[in-house]
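Q: Before I ask anything, let me first share the structure, which is written out below as structure tokens.
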Amino acid sequence: MNKIIGIAFLFAAILGTFCVHAQDMKEKYRPQFHFSPRANWMNDPNGMVYHNGIYHLFFQYYPDDKIWGPMHWGHATSKDMISWQEQPIALYPDSLGYIFSGSAVADVNNTSGFGKDGKVPLIAIFTHHNPVLEKQKTGKHEYQSIAYSLDDGKTWTKYAGNPVLQNPGISDFRDPKVRWFEPQKKWVLTLATKDRITFYSSPDLKTWARESEFGADAGAHGGVWECPDLFPITHNGKQVWVLIVNINPGGPNLGSAGQYFLGDFDGKDFKAYSKETKWLDFGTDNYAAVTFSNTGNRILLMGWMSNWQYANQVPTHPWRSANTIAREVGLQEVNKELYLTSMPVKELDVLNKDGFKEKNLKIKGQFDLTPKTKNSTGLFRLDFETKNTADFSITLANKSGNEVIVGYDKAANQYYIDRTKSGKTDFEKGFAKKHIAPRISLDGNISISLIADAASVELFADQGLTVMTDIFFPDAPMAQLFIKSMSGITIDNLSYTSLKSTIE
């Protein structure tokens, strides 16, 4: 009977993959170039890994409803991080529990011993969440397990010795992010442990030893720490380690958000340069953001484009949630202090359609770009540079009277996204608000990159020093575009590009 059920599950999963291409996927609010599941619930991106020319995106998935439920690992693949194909479900819940968040690595040295016939095993490291133990309130209901694939992620075998890391009694003990630490020829596991991060190491991904912890007295603590990441960036010849820690709630504009720390890591201890909070994204809709593994010198990050304040209530059907676009991460120094930057990956250019450019565009009052855009879909990228001389705003609007305003307030030295009149907002009392972000750059010039999809805007200001991501739900496509400055600004270089859908 179990074999019959298994075959049925596999057939349904394969059929689901086919339906992604057969279905129109043009429902109201459906993202046109951000990954979203064909149907049902999605949250955190998991196990993101690049292997044999393919980007793999796994994700928290509940295939039976469009609200959160017993977690599986969904799966999608892409050659460019832009066009995604949904695949059969990779990992199902089992007797050890639901399949919570985690990561995946290519074990090129076969340290795990799972590789056969020269095939590099992909290893998934994930949290098993046991709902039975959770009810017993022992604090030991989350523990770490592994699975391996020898066919490039198509099928997975769970390790018979699971769990590989038992819980010492910490109620929130999850979201393992694993990377290879070459100087000491070992794997390092970064784990969220309630209000701090705990580091473990292993020679083979099966046996783990505790190394150290960080964060009880650092950063923001308005909510539980989740979904961490640890990776190095070389800046001016020096290796700087980045520790990302997502937090829910307690973000800069309430709800879920991601913070980061910069410092040194020696394979055992992470020592931050500062314990102050720095935010990865000041918008309300970039959570659980982590990086792809096995991408060489490129550091590529992607997050869940929603917020736990309203994720279960957003008015989409038959799916809920999407991911941010992939972003390339770097470092920039401002006033002798380092900050993380993130900008859209260059692969996004495959979406470019027609557009136009302007130089020395003088704006006083409101300037209507709509006639030049000729874009009925509201999918676009807008890039421009201007001197930091006055307030300005960019308004996305439609004939229904909806608008999303993205702007800069010079007196406050803040960027903002205002979605108070963005369309449907009544599903959650805190959704219709204006969100703010500090301008970190001290440069006399301001650079703006704004990317708009059917139901989202992503702002990258000052080459990614200040980033904001917000979702919205308009009554019709945001096909109108205005730039406004009452005091007056001159835009030195403006580039507008309409973007095509990946599901056309």
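Q: Give the number of residues within segment 300-309 that are surrounded by fewer than 24 Cβ atoms within 10 Å (Cβ to Cβ) and not in a loop (DSSP other than H, G, I, E, B). Write out each step before concluding.
A: First pass over segment 300-309, keeping only residues surrounded by fewer than 24 Cβ atoms within 10 Å (Cβ to Cβ): 300, 308-309.
The next check asks that each one be not in a loop (DSSP other than H, G, I, E, B); those that pass are 300.
Residues meeting the conditions: 1.
Q: Go through the residues of segment 116-133 one by one and say whether even a single one is in a loop (DSSP other than H, G, I, E, B) and under 24 Å from N40 (Cβ atoms).
A: Within segment 116-133, the subset in a loop (DSSP other than H, G, I, E, B) is 116-121, 130.
Of the ones still in play, those that are also under 24 Å from N40 (Cβ atoms) are 130.
Yes: one or more hits.
Q: Output yes when any residue across segment 147-158 is over 26 Å from G69 (Cβ atoms), out of contact with any strand residue (DSSP E or B) (no Cβ under 8 Å at 6 or more places or on another chain), assigned by TED's automatic domain parsing to the domain that holds P88 and surrounded by fewer than 16 Cβ atoms within 10 Å (Cβ to Cβ), and no when none is.
A: yes
Q: Farther than 17 Å from S83 by Cα, in contact with a Lys or Arg (Cβ under 8 Å, 6 or more places away or on another chain), at pLDDT 95 or above and surrounded by fewer than 20 Cβ atoms within 10 Å (Cβ to Cβ), is that true of N312? Steps first, please.
A: Values: farther than 17 Å from S83 by Cα: yes; in contact with a Lys or Arg (Cβ under 8 Å, 6 or more places away or on another chain): yes; at pLDDT 95 or above: yes; surrounded by fewer than 20 Cβ atoms within 10 Å (Cβ to Cβ): yes.
Considered against the rule, which asks whether it is farther than 17 Å from S83 by Cα, in contact with a Lys or Arg (Cβ under 8 Å, 6 or more places away or on another chain), at pLDDT 95 or above and surrounded by fewer than 20 Cβ atoms within 10 Å (Cβ to Cβ), N312 comes out as yes.
Q: Can you tell me which condition R196 does not meet? The list is (1) under 22 Å from M71 (Cα atoms); (2) touching an Asp or Glu at 6+ places or on another chain (Cβ under 7 Å); (3) among the charged types (D, E, K, R), and all the others hold.
A: Answer for R196: the failing condition is (1).
Q: While we're on this one: Being touching a residue at least 60 places away in the same chain (Cβ under 8 Å) and farther than 30 Å from R320 by Cα is the filter here; which residues of segment 439-465 pass it? Before you say what the answer is, go through the steps one by one.
A: Taking segment 439-465 and keeping what is touching a residue at least 60 places away in the same chain (Cβ under 8 Å), we get 440-442, 445-460, 463-465.
Passing the criteria: I440, S441, L442, N445, I446, S447, Q463.
Q: Please go through segment 198-223 and give me each residue that is in contact with a Ser or Thr (Cβ under 6 Å, 6 or more places away or on another chain) and either part of a strand (DSSP E or B) or modelled with pLDDT under 95 (or both), ordered by number.
A: F199, A209, E211, E213
Q: Quick one: which of G401, G407, G430 is under 30 Å from A288 (Cα atoms) and surrounded by fewer than 20 Cβ atoms within 10 Å (Cβ to Cβ)?
A: G430
Q: A follow-up question, please. Take the residues of segment 259-299 that are aromatic (F, W, Y) and within 19 Å of the chain's Cα centre (by Cα): which is surrounded by the most Cβ atoms within 10 Å (Cβ to Cβ)? Break it down into steps so the answer makes sense when it comes.
A: Step one: list which residues in segment 259-299 are aromatic (F, W, Y), which gives 260-261, 265, 270, 273, 279, 282, 287, 292.
Restricting the remaining residues to those that are within 19 Å of the chain's Cα centre (by Cα) gives 260-261, 279, 282, 287, 292.
Values: Y260: 21, F261: 25, W279: 22, F282: 26, Y287: 29, F292: 23.
My answer is Y287.
Q: Of all residues in segment 29-86 being in a strand (DSSP E or B) and acidic (D, E), which is farthest from F126 (Cα to Cα)?
A: Just the residues of segment 29-86 that are in a strand (DSSP E or B), to begin with: 40-51, 54-62, 72-78, 85-86.
Now narrow it down to the ones that are acidic (D, E): 44, 86.
Working: D44: 12, E86: 20 Å.
Looking at the filtered set, the residue picked out is E86.
Q: For segment 433-479, give me each residue that is aromatic (F, W, Y) and either under 18 Å from T386 (Cβ atoms) or surrounded by fewer than 24 Cβ atoms within 10 Å (Cβ to Cβ) (or both). Break it down into steps so the answer makes sense when it comes.
A: In the first step, residues of segment 433-479 are kept if they are aromatic (F, W, Y); the result is 460, 472-473.
Within segment 433-479, F460, F473 meet the criteria.
Q: Which one of these does H128 not meet: (1) surrounded by 23 or more Cβ atoms within 10 Å (Cβ to Cβ); (2) in contact (Cβ under 8 Å) with a residue 40 or more places away in the chain?
A: (2)
Q: Which one of these does I233 not meet: (1) in contact (Cβ under 8 Å) with a residue 60 or more places away in the chain; (2) assigned to a loop (DSSP other than H, G, I, E, B)?
A: (2)
Q: Assess whether S393 counts as being surrounded by 20 or more Cβ atoms within 10 Å (Cβ to Cβ), of a type in the set (G, A, S), closer than 21 Å to L369 by Cβ and outside the structural domain of A289 (by TED's automatic domain parsing). Spell out how you get there, then give the answer.
A: On the way: surrounded by 20 or more Cβ atoms within 10 Å (Cβ to Cβ): no; of a type in the set (G, A, S): yes; closer than 21 Å to L369 by Cβ: yes; outside the structural domain of A289 (by TED's automatic domain parsing): yes.
No.
Q: OK, next. Would you please name the residue that is nearest to P121 (Cα to Cα), looking only at residues in segment 87-107 that are outside any strand (DSSP E or B) and either touching a residue at least 40 places away in the same chain (Cβ under 8 Å) or touching a Leu at 6+ places or on another chain (Cβ under 6 Å) (or both)? Before you say what the answer is, go through the steps one by one.
A: Going residue by residue through segment 87-107, those that are outside any strand (DSSP E or B) are 92-93, 95-96, 107.
Applying the additional criterion that residues be either touching a residue at least 40 places away in the same chain (Cβ under 8 Å) or touching a Leu at 6+ places or on another chain (Cβ under 6 Å) (or both) yields 92, 96, 107.
Values: Y92: 19, L96: 23, D107: 6 Å.
Ranking the candidates gives D107 first.
Q: Hey, another quick one. Under 9 Å by Cβ, and 6 or more places apart or on different chains, what pairs join a residue from segment 40-66 that is of a type in the set (K, R) with one that is assigned to a strand (DSSP E or B)?
A: From segment 40-66, the pairs are K66/N40; K66/W41; K66/W319; K66/R320.
Q: Given the condition of a type in the set (D, E), in a loop (DSSP other than H, G, I, E, B) and farther than 14 Å from G102 by Cβ, answer yes or no: does some residue in segment 174-187 qualify?
A: Looking only at segment 174-187, we keep the residues that are of a type in the set (D, E), and these are 175, 182.
Still in the running and in a loop (DSSP other than H, G, I, E, B): none.
No, segment 174-187 contains no residue that is of a type in the set (D, E), in a loop (DSSP other than H, G, I, E, B) and farther than 14 Å from G102 by Cβ.
The values are calculated or read from the model by the stated rules, or taken from the named source; none is laboratory data. Since the model is a prediction, treat every value here as computed from it, not as a measurement. Every residue, glycine among them, receives a Cβ derived from its backbone with ideal geometry; neighbour counts consider all protein chains shown.
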